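To start, the structure under review is shown below, and the notes come after it.
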Amino acid sequence: MKVKVLSRNPDDYVRETKLDIQRVPRNYDPALHPFEVSREYTRALNATKLDRVFAKPFVASLDGHRDGVNCMAKHTNSLSTLLSGSCDGEVKVWNLTKHECVRTLQAHEGFVRGMIVRFCGTSFFTVGDDKTIKQWKMETPGYGEEEEPLNTILGKTVFTGLDHHQKDAVFATCGQQVDIWDEQRSSPIRSFTWGVDSFSSVRFNPVETELLASCASDRSIVLYDMRESAPLKKVIMTMRSNSLCWNPMEAYYFTSSNEDYNLYTYDMRYLNKPIIVHMDHVSAVLDVDYSPTGKEFVSASFDKTVRIFPKDVGHSREVYHTKRMQHVICVKWSADNKYILSGSDEMNIRLWKANAAEKLGVLAPRERQASNYNQKLKEKFHYHPQIRRIAHHRHLPKSIYHQSKELRVMKEARRRKERNVRKHSKPGSVPVVSEKEKHVVTVVK
């Protein structure tokens, strides 16, 4: 019987004397370089450094509003069209490729509180402080024609938010209650209340289109189903949520922006604790919007910065700020996944690149190949300390840098106090509460 064994000749790898140099097995295939890893590491390091050198995220500023930009809406069919509403009741329609305003209309008295484009792209809706919902034609009126709304609905209270259904002629508003409206009727077809005096935002689920969620002033996030007569359930948090956004790729996930400087991603089936807490802002987070791929989202904050978070990571991968930008009130991620739009207090809308170091314009095949290769190298070596340090470093304004340092110290002090209390208490009397559970008060069904 033959037995197969591995056999190696010691002459191939053992030194004859200890003064000889070590014998290294070599593969003489020219495609396999003996120092492949070290070469790739150097290339990855250079690619990471060049990324930071070429990180110029700011593209353009759209100015023309005479008051702070309060809300924005993306066109459903056109990438180059953006709508914005300001605090003086003015609505502007922008052409993003030319960076210019193509139409201005005085829509409301007082603030424009919310706006949304109809799913077909032929008209858009606005709500304002004058208790009205107005539907406007998307096309600019012809020469000599008056700028008149297609339809005006007068409500009983001020509306604070608005969203349109993905497929049907139905839209939702929020104010003192959440109302579902049919476009053909002047009164709501359904109203939801749950002992709350006001709501700040309402959003339809883009996947499960019958579901919607709203943020209420009693620190709760309420979920609804249009087919039911009453709200489904709500989660009450320690502080108030300002706005929320559903993940366009995962039906049950949504992210809410909160007054306690954090963002929370929830699975609507398990509201007893968030899936992940996204921290980094140093002031209240005012708005949030998902990328069309559902892998990242962008947040706007009172601390004058815009941050980009991967959906399953607790810290931001990117922070955008300028000297002139004041409190950022609203933010949108463009439908082609390439740009971010932010509207702020000082009357400007800013256009940013979603990937700060990305080269704009048409890439030659070799350029595209090189950038893809560099991207793969950066992913391969991103845990190496040198590369990680360079990739993560961001220059922050002095005030934000010091505030984040202070918040870190405060958080550590709180943690230390909890540890000491637990250490000097009866075993088991002071339970360990995880960071995720700390922020949820209760879930009501």
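The values are calculated or read from the model by the stated rules, or taken from the named source; none is laboratory data. Treat the numbers as computed from the prediction; the structure is a model and nothing was measured. Counting neighbours? That spans all protein chains shown, and the Cβs are built from the backbone with ideal geometry, glycine included. Each accessible area value is taken on the protein alone, full model and side chains, heavy atoms only, with ligands, DNA and RNA left out. Shrake-Rupley method; radii C 1.70, N 1.55, O 1.52, S 1.80 Å.
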Amide H contacts under 5 Å for Ser243, restricted to residues at least 5 apart in sequence or on another chain and with H modeled in the peptide plane, are Ser257
Taking chymotrypsin sites (Phe, Trp or Tyr not before Pro) as exposed when in a DSSP loop with at most 16 other Cβ atoms inside 10 Å, the chain has its longest clean stretch at 253-382
So the compactness index of the chain, its C-alpha Rg divided by 2.2 N^0.38 Å, takes the value 1.22
Per the helix-only model, the chain has a calculated mean residue ellipticity at 222 nm (DSSP H runs of ≥4, -39500 (n - 2.57) each, divided over all residues, rounded to the nearest 500) of -5500 deg cm²/dmol
Percent relative contact order for the stretch 146-239, counting Cα pairs under 8 Å at least six residues apart, stands at 18 percent
Per principal axis, largest first, the Cα atoms of the stretch 198-299 extend in Å by 40, 32, 22
Expressed in angstrom, Rg and Dmax over the Cα atoms of the stretch 333-392 are 15.5, 43
One finds the C-alpha centres of the stretch 137-199 and the stretch 38-102 to be spaced, in Å, by 28 Å
With Rh as the Kirkwood radius over Cα pairs, the stretch 347-445 has Rg/Rh of 1.17
Measuring from its Cα centre, the stretch 41-169 shows a charge dipole (+1 at each Lys and Arg Cβ, -1 at each Asp and Glu Cβ) which, in debye to the nearest 20, is 840 debye
The pairs in Lys273/Lys417; Lys167/Lys311; Lys323/Lys398 lying past 18 Å Cα-Cα in this model are Lys273/Lys417; Lys167/Lys311
Scalar couplings 3J(HN,Hα) for the stretch 18-23 by Karplus 6.51 cos²θ - 1.76 cosθ + 1.60 (θ = phi - 60°), nearest whole Hz, x for Gly and Pro, are 6, 7, 5, 7, 4, 7
Taking protein heavy atoms only, a 1.4 Å probe, and rounding to whole percent, the accessible area of the stretch 1-66 owed to carbon and sulfur comes out at 57 percent
Kirkwood-based Rg/Rh on the Cα set of the stretch 64-164 evaluates to 0.94
Counting every C-alpha pair in the stretch 10-114, the percent lying more than 16 Å apart is 74 percent
With +1 at each Lys and Arg Cβ and -1 at each Asp and Glu Cβ, the charge dipole magnitude of the stretch 305-394 around its Cα centre, to the nearest 20 debye, comes out at 320 debye
Note to self: C-alpha centroids of the stretch 276-310 and the stretch 388-402 sit apart, in Å, by 16 Å
The ³J(HN,Hα) series, computed from each phi in the stretch 69-84 with the Karplus coefficients 6.51, -1.76 and 1.60 at θ = phi - 60°, rounded to the nearest Hz and given as x for glycine or proline, is 7, 9, 7, 9, 9, 8, 6, 6, 10, 10, 6, 8, 10, 10, 10, 9
To the nearest Å², the heavy-atom accessible area per residue of the chain with 1.4 Å probe amounts to 56 Å²
Taking the stretch 133-211, the whole-percent share of alpha-carbon pairs separated by over 22 angstrom is 31 percent
For the stretch 281-291, Karplus-derived ³J(HN,Hα) couplings (6.51, -1.76, 1.60; θ = phi - 60°; whole Hz; x for glycine and proline) come out as 5, 10, 8, 4, 8, 9, 8, 8, 8, 7, 6
With all protein chains in place and a 1.4 Å probe, Ile236 shows an accessible area in Å² (nearest 10) of 30 Å²
Rounded to the angstrom and largest first, Cα extents along the principal axes for the stretch 265-360 equal 40, 29, 18
Lys and Arg at +1, Asp and Glu at -1: neighbours of Glu210 with Cβ under 11 Å from its Cβ sum to -2
The local net charge around Glu90, scoring Lys/Arg +1 and Asp/Glu -1 for residues other than Glu90 whose Cβ lies under 10 Å from its Cβ, equals 0
The equivalent-ellipsoid semi-axes of the stretch 1-44, taken as the square roots of five times the Cα gyration tensor eigenvalues and listed largest first in whole Å, are 30, 20, 9
Loop-resident GluC sites (Glu not before Pro) in the stretch 194-261 with no more than 16 other Cβ atoms inside 10 Å, DSSP not H/G/I/E/B, are Glu208, Glu210, Glu228, Glu250
If every Lys and Arg gets +1 and every Asp and Glu gets -1 at its Cβ, then about the Cα centre the chain yields a dipole, in debye to the nearest 20, of 2760 debye
